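The structure appears right after this line, and notes come after that.
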Ligand code: FE2
């Protein structure tokens, strides 16, 4: 068997230590002591070899604009939307492309090779969408990008918004987005969810809705999405993002809702970095964490992934694009400190994200799958999150894309013992 690249002594997430042979852009063999030689061999020395990280929720169109034209002083979602409305008036395709590719390179250096980005389709020129569709094409040889047509100002927030959404789907957006809790009325919110499912079926696209991203316990569009899933038969194609109000529902309603969600089997995305800072802003004390019920969704067997959401934009002025930071925040905010729970948080930024993006057999460390892998400076998932481990090697499409040397700590002076 011919191979172009062999990784020796890599530790998989199940703890087994194996060699991995790659030919061109495919994994062709995984076993202990593979009798295969290749022009390039990398000795992993027992470090963790994982499938790449999956960024299931980000806004690349607004990435790297923090402070433009002004800082979000209140720190609220709504001031963020106002600032973005000012900033997007000067948006150009070149501007979107430059910032998006810069953010993607930053994420790829942290081992992210699959990304779902929302593109605001509330402005008449559809500049954000056109820019991100151009980026999807420009980067496809090293990173996979899905683009969501996201009506930031509401599908019914202005007369032209519904037709802009349809135009975005005709131009090639992969996913239909929405924001029912931001529509002008509750009825508009419900109507928008019905319309999103209708459009997804008409254009054969996935669904990913910003759903109930608010502390209001009366914001209950998740049940509308779940009902649509049950009636339409769609489930794995559908994702509810944020659902932070689920953290504010009383337990009686939450219990009833969880039963419906288990029937609907849609995917969930939590964005703990952003929602721990955006939500709870109208509370004095006690102050809500503003994150959905990640642990309970996971315990119910539903697919949960974690997204970065924003990198230095009007909603979140921090962020490096490293999904291990997101997983680490989830461990804290969602109180997932048990051993299996920490591992689950790692899985939510890898396999869980892949399921949300519907990557199917295009993802995973298995023979016959595309050769996309990361090597971490850690021996297992716990150590990866504990140390926010350096991603030493990123292999994309069978080739080394990025290498990073971990920092070395040297003590000097006399004996500290
Ligand atoms: Fe978002």
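The values are calculated or read from the model by the stated rules, or taken from the named source; none is laboratory data. Model, not experiment: these values are computed from the prediction. Every residue, glycine among them, receives a Cβ derived from its backbone with ideal geometry; neighbour counts consider all protein chains shown.
Determine which member of the set 290, 301 is in a loop (DSSP other than H, G, I, E, B), away from the ligand (no atom under 13 Å from the Cβ) and buried (at least 24 other Cβ atoms within 10 Å of the Cβ).
290
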**Report entry** Search result, residues across segment 369-396 that are under 18 Å from residue 10 (Cα atoms) and assigned to a loop (DSSP other than H, G, I, E, B)
**Finding:** 369, 371, 372, 377, 378, 379, 380, 389, 390
Report task. Report, by residue number, each residue of segment 331-349 that is closer than 26 Å to residue 76 by Cβ and surrounded by fewer than 19 Cβ atoms within 10 Å (Cβ to Cβ). Result -> 332, 333, 335
**Report entry** Members of segment 60-99 found to be in contact with a strand residue (DSSP E or B) (Cβ under 8 Å, 6 or more places away or on another chain), farther than 18 Å from residue 214 by Cβ and modelled with pLDDT under 95, listed by number
**Finding:** 88
Report summary line: Within segment 45-69, residues within 16 Å of the ligand (Cβ to nearest atom), crowded, with 24+ Cβ neighbours inside 10 Å and part of a loop (DSSP other than H, G, I, E, B) come out as 59, 60, 61, 62, 63
Query raised in the report: Within the group 101, 81, which residue is in the same structural domain as residue 275 (by TED's automatic domain parsing), farther than 30 Å from residue 390 by Cβ and in a helix (DSSP H, G or I)?
Result: 81
Query - Cross-chain or 6+ apart pairs with Cβ under 7 Å, segment 72-85 first and crowded, with 18+ Cβ neighbours inside 10 Å, then in a helix (DSSP H, G or I) - result: 72/79; 72/80; 72/83; 77/278
Requested in this report: Taking residue 388 as the residue in question, decide whether it is in contact with a helix residue (DSSP H, G or I) (Cβ under 7 Å, 6 or more places away or on another chain), touching a residue at least 60 places away in the same chain (Cβ under 8 Å), assigned by TED's automatic domain parsing to the domain that holds residue 18 and surrounded by fewer than 19 Cβ atoms within 10 Å (Cβ to Cβ).
Outcome: yes
Report summary line: Among residues of segment 307-330 being over 10 Å from residue 62 (Cα atoms) and within 14 Å of the ligand (Cβ to nearest atom), the residue surrounded by the most Cβ atoms within 10 Å (Cβ to Cβ) is 308
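Going by the conditions given, is residue 281 away from the ligand (no atom under 16 Å from the Cβ) and either more than 19 Å from the chain's Cα centre (by Cα) or at positive phi (or both)? Give the steps one after another, and end with the answer.
Working: away from the ligand (no atom under 16 Å from the Cβ): yes; either more than 19 Å from the chain's Cα centre (by Cα) or at positive phi (or both): yes.
Criteria met by residue 281.
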Report task. Quick one: residue 126 ticks every box in (1) closer than 13 Å to residue 58 by Cα; (2) more than 15 Å from the ligand (Cβ to nearest atom) except a single one, so which number is it? Result -> (1)
Report summary line: residue 296 fails exactly one of (1) in a strand (DSSP E or B); (2) free of Cβ contacts under 8 Å to residues at least 60 places away in the same chain, namely (1)
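Conditions (1) over 23 Å from the mean Cα position of the chain (by Cα); (2) within 30 Å of residue 392 (Cα to Cα), marked per residue:
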{"residue": "113", "(1), (2)": "no, yes"}
{"residue": "117", "(1), (2)": "no, yes"}
{"residue": "123", "(1), (2)": "yes, no"}
{"residue": "150", "(1), (2)": "no, no"}
{"residue": "188", "(1), (2)": "yes, no"}
**Report entry** Evaluation of residue 7 against (1) assigned to a loop (DSSP other than H, G, I, E, B); (2) more than 26 Å from residue 342 (Cα to Cα); (3) not assigned by TED's automatic domain parsing to the domain that holds residue 135 (one fails), failing number
**Finding:** (1)
